[in-house]
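Reading through the structure tokens given below for one structure.
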Amino acid sequence: MDHSFVSAFVLLLLVLDPFGSLPIFISVLKGVPPERRTRVAVREVLIAFCVLLAFMFAGQGFLNLMHLSERSLEVAGGVILLIIAIRMIFTSGSQIYASDGGAREPFIFPLAVPLLAGPSAMATVLLLASRQPQQLMQWVGAVSAAMLVCGVVMLAADRIRKLLGHSMVSAIEKLMGLVLTAVAVEMILAGLKRYFFGSL
């Protein structure tokens, strides 16, 4: 299942699910003083970006070290995406990842990891880099663009939710979950096809 910059960007947006994460953004940042929210949001996005870049550039070395094939990674990544997609469809965004509310200023957990740079996002960038390493700069650009969107949504979370309303945000999340389900199934089928039929 080969990707272009646009398809990788859309896939990463589906995996990161910034609109579905609006309730988490709001609840976690609620306890942060308004004057520090921009700094905290930018810091968390940068940390998540660095984590994903590390997985992207070290992906092939990691596969070799663990003696894993691209086929197994593709199937595993598809299974992870399928689980996330099903949870997006049948639960609310605030239930996908647990958070400690707004008790303290977040640092790495839960915004950067696991909300932004979670297992599904790590598996996705690892798969992109291992399947098409010649397009690594495109994947870096796709990750950068997707993280930029996440940062904007995080900063404007309260306003977006008030503007769209809870029902619209929930509908967008379910729709993204449906699309991500199809992407996950395609990844699993592609991995199985490559396992049973080689490069066919």
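Some points to look at:
- Matching residues in segment 1-41 - criterion: being under 20 Å from Leu52 (Cα atoms), open to solvent by 20 Å² or more (accessible area, probe 1.4 Å) and among the aliphatic types (A, V, I, L, M): Val6, Val10, Leu13
- Only a single item in (1) at pLDDT below 85; (2) in contact with an Asp or Glu (Cβ under 8 Å, 6 or more places away or on another chain) is not met by Val32, and it is number (1).
- Only listed residue being at pLDDT below 80, more than 14 Å from the chain's Cα centre (by Cα) and either surrounded by 16 or more Cβ atoms within 10 Å (Cβ to Cβ) or polar (S, T, N, Q) (or both), chosen from Gln138, Gln134, Gln95: Gln95
- Residue pairs whose Cβ atoms lie under 8 Å apart, sitting 6 or more positions apart in sequence or on different chains, and linking a residue in segment 63-76 that is more than 22 Å from Val183 (Cα to Cα) to a partner that is not in a helix (DSSP H, G or I), are Leu63/Ser69.
- Hits in segment 44-81 - residues which are open to solvent by 50 Å² or more (accessible area, probe 1.4 Å) and within 27 Å of Gly151 (Cβ to Cβ): Leu46, Cys50, Ala54, Phe55, Phe57, Ala58, Phe62, Ile80
- Residue tally, condition buried (at least 21 other Cβ atoms within 10 Å of the Cβ), modelled with pLDDT of 85 or more and over 17 Å from Ala184 (Cα atoms), over segment 107-128: 4
- Residues located in segment 176-200, provided they are touching a helix residue (DSSP H, G or I) at 6+ places or on another chain (Cβ under 8 Å) and not in a helix (DSSP H, G or I): Leu200
- Only one entry in Ala41, Ala54, Ala103 is of a type in the set (A, V, I, L, M, F, W, C), touching a Gly at 6+ places or on another chain (Cβ under 8 Å) and at pLDDT 90 or above, namely Ala41.
- Residue within segment 185-200 that is out of contact with any strand residue (DSSP E or B) (no Cβ under 6 Å at 6 or more places or on another chain), open to solvent by 30 Å² or more (accessible area, probe 1.4 Å), small (Gly, Ala, Ser) and modelled with pLDDT of 85 or more present: no
- Across segment 161-175, the qualifying residues are those that are open to solvent by less than 30 Å² (accessible area, probe 1.4 Å) and either in contact with a Lys or Arg (Cβ under 6 Å, 6 or more places away or on another chain) or assigned to a helix (DSSP H, G or I) (or both), and the one among them that is nearest to Met88 (Cα to Cα) is Glu173.
The values are calculated or read from the model by the stated rules, or taken from the named source; none is laboratory data. Quick caveat: nothing in here was measured; it's all calculated off a predicted structure. Neighbour counts are summed over all protein chains in view; Cβ atoms, including those assigned to glycine, are modelled from backbone coordinates with ideal geometry. Just so you know, the surface numbers come from the protein's heavy atoms only, side chains and all, with ligands and any DNA or RNA stripped out. Shrake-Rupley method; radii C 1.70, N 1.55, O 1.52, S 1.80 Å.
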